[in-house]
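Here, each number is a calculation from the coordinates, and none is a lab measurement. Keep in mind that this is a model prediction, so the values were computed, not measured.
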Amino acid sequence: MSSGSRVESEDPMPGVQVVRKNIQTMLLGIRHRLITFFEGASYRHVAGATGYHHEQVRRYLTTGKPAIDFVATVSIEFNLSLDWIIHGRGDPPLPLRARRELAMQASEPQNPPEPQREVSKGRAST
């Protein structure tokens with residue numbers, strides 16, 4: 001064996017493998033947190049809010065690695081903390097479905113209930 005050759009099993013940069021593994025773990029965490037937030041929302045809904053094609057959104061949330069610009073756009077459009085999306089730090093946000101339900105409840109007219117009338121002997125009384 002010459003002095004210029006190296007052993008095949010040696011990794012010339014072992015730290016790179018550790019970094020790759022950490023990045024993969026981080027991306028899985030990001031995807032999991034986004035899935036949790038968007039639970040019940042359609043890919044088309046997310047796409048409409050972010051400007052991404054619904055197929056790209058589907059890939060990011062099912063098998064792909066969410067691109068940093070997509071993550072940043074989601075953070076802005078849905079007012080989510082990047083610290084929570086990327087690292088999972090802080091309180092988790094209210095999921096999108098719950099936000100929509102609260103918005104619907106808030107937009108319903110809040111009319112006071114009408115007083116109930118008792119019916120006695122054919123006449124209504126209050």
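General remarks:
- Length released on extending from Gln105 to Gln17, taking residue separation times 0.36 nm less the Cα-Cα span: 26.7 nm
- Remark on region 34-92: ratio of C-alpha radius of gyration to 2.2 N^0.38 Å is 1.03.
- Computed from phi, the 3J(HN,Hα) profile of region 55-67 under the Karplus parametrisation 6.51, -1.76, 1.60 (θ = phi - 60°) reads 5, 5, 4, 4, 5, 4, 8, 10, 10, x, 10, x, 5 Hz, with x in place of Gly and Pro.
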